[in-house]
1. Which value, to two decimals, describes the C-alpha radius of gyration of the range 260-326 once divided by 2.2 N^0.38 Å?
2. Put +1 on the Cβ of each Lys and Arg and -1 on the Cβ of each Asp and Glu in the range 2-148; which of Ala105, Gly8, Gly117 then has its Cα farthest toward the positive end of the dipole?
3. Could you work out how far apart the two model spin labels at Gln192 and Glu44 are, taking each label as a point 7 Å from the Cα in the direction of the beta carbon, and quote it in nm?
4. Ranked by Cβ crowding within 10 angstrom, fewest neighbours first, how are Ile156, Ile30 ordered?
5. What do you get for GluC sites (Glu not before Pro) in the range 71-174 restricted to DSSP loop and a cutoff of at most 12 other Cβ within 10 Å of the site's Cβ?
6. Full extension from Ala22 to Val244: what is 0.36 nm times the residue separation minus their Cα-Cα distance, to one decimal in nm?
7. Determine, for Arg272, Arg162, Arg23, Arg52, the number of other Cβ atoms within 10 Å of each Cβ, and report the residues in order from fewest to most.
8. Alpha carbon centre of the range 44-88 versus the range 92-112: separation in Å?
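Read-outs throughout are calculated quantities, based only on the coordinates presented, and are distinct from any laboratory measurement. Owing to the predicted nature of the structure, the values given are computational and were not obtained by experimental measurement. Cβ placement follows ideal geometry from the backbone for every residue including glycine, while neighbour counts extend to all protein chains displayed.
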Amino acid sequence: MQRLTVLGSTGSIGKSTLDVVARHPDRYQITALTANQQDELLFEQCQRFHPRYAVLLDETASERLKKNLQIAGIATEVLCGTAALEQVSVLPEVDAVMAAIVGAAGMPPTLAAAKAGKKILLANKETLVLAGHLFMDAVHRSGSALLPIDSEHNAIFQALPRDYSGDMRSSGVSKILLTASGGPFRNTPIEQLQNVTPEQACAHPNWSMGRKISVDSASMMNKGLEVIEAHWLFNASADDIQVVVHPQSVIHSMVQYVDGSVLAQLGNPDMRTPIAFALAYPERIAAGVAPLDLFQIAKLDFVAPDFVRFPCLGLAYQALRAGGTVPALLNAANEVAVAAFLDRKIAFLDIPSLIESVLTSVARQEVNALKDVLDADAAARMAAQEWVTG
Ligand code: NAD
Ligand code: MG
């Protein structure tokens, strides 16, 4: 029996995780569920999974949840606040932590879980973008098992040798081919991009996801963040990672070897596949995902990414090459920009302009400790807010 904490259980990844868990009550048990403020959904999840703890960030929502659980006679203990997120990530009785909070807010509890040696199912890519060095150090030191949930990285993990040492060259790997759907604006005339709405940006052609990552997919910042994520997970340099636009989202990424072989992982675009893979690794369990119908798909296309249409992708490569706190600045500026776009305060094409301005105005620092990352994150958020209001 594996006991789980699900950070961000009310989100898109969190719900898919609970869907897979519910299919295997003999294998998985929920110890803690967490959410930002959606107490009603969290209440339903508590009714269904009877966790020992439920955490909400919002105090009013947590009071409501407490009351409703009491009325329903459910013994789940309700905790509130960011410290509680870390608390439920390091509990001695917890075996694995699903890191599925969105944004930089997901980093502290994920890092805490790594330090505590928990098995980590990593959906929160922002942890690696912000604090990749510190996080990977913590994983190596504690001996945590780290399993990527992001579909591309999960595919790469599956296509790499089982005993991959972290050294591409000695493993015969020549390149990582990171696939991208190209998002909803792959073919939109560039002059129309200025006026696209949050609704259009969130209407992803292949995946149903949270709003932040949907906008990131539309700007291709998501792929940029994933390049940085792949760098840390697989010890690959920016030059070793090639983005390949593949609109069908059937191949979830590939690994190219020196002998000319390319290994790919295919499947329907459904996050329950990588989630089930990571939960059961090295075994395989059913995920409720329909089998891939190759005859219906019939055709797979590949094109090179367009760095002019999608400046965010180039900015992310730049940030990875610059290193230090620059990826943290990129991430923070992007979070502010995406929130402002969703609030209709800035236009879609302002997102890369805002990020570029923050990267030029806030100085790069070395990352020696968590404080360096948090300071960079705060400085970039402040500069980005000024850009939005100024
Ligand atoms: P979502 O917006 O659907 O859900 C986010 C979850 O985090 C919710 O439970 C919410 O309550 C919680 N949350 C939000 N802000 C919080 C805060 N400040 N503190 C604590 N909790 C907070 O997001 P999602 O689409 O499920 O994505 C979650 C993570 O997984 C992101 O990092 C995303 O990049 C990554 N990811 C998602 C997908 C996908 O298909 N949705 C695919 C790959 C990677
Ligand atoms: Mg992805």
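1. Values: Rg = 17.6 Å, N = 67, 2.2 N^0.38 = 10.9 Å.
The reported ratio for this selection is 1.62.
2. Gly117
3. It is 3.5 nm.
4. On the way: Ile156 29, Ile30 26.
By the 10 Å Cβ count, ascending, the order reads Ile30, Ile156.
5. Working: sites: Glu77, Glu86, Glu93, Glu126, Glu152; in loops: Glu93.
Listed in order of number, the matching sites are Glu93.
6. Stretched out fully, the Ala22 to Val244 stretch lengthens by 76.4 nm.
7. On the way: Arg272 21, Arg162 7, Arg23 15, Arg52 18.
If I rank by nearby Cβ atoms, fewest first, I get Arg162, Arg23, Arg52, Arg272.
8. First find each Cα centre; the distance between them is then 17 Å.
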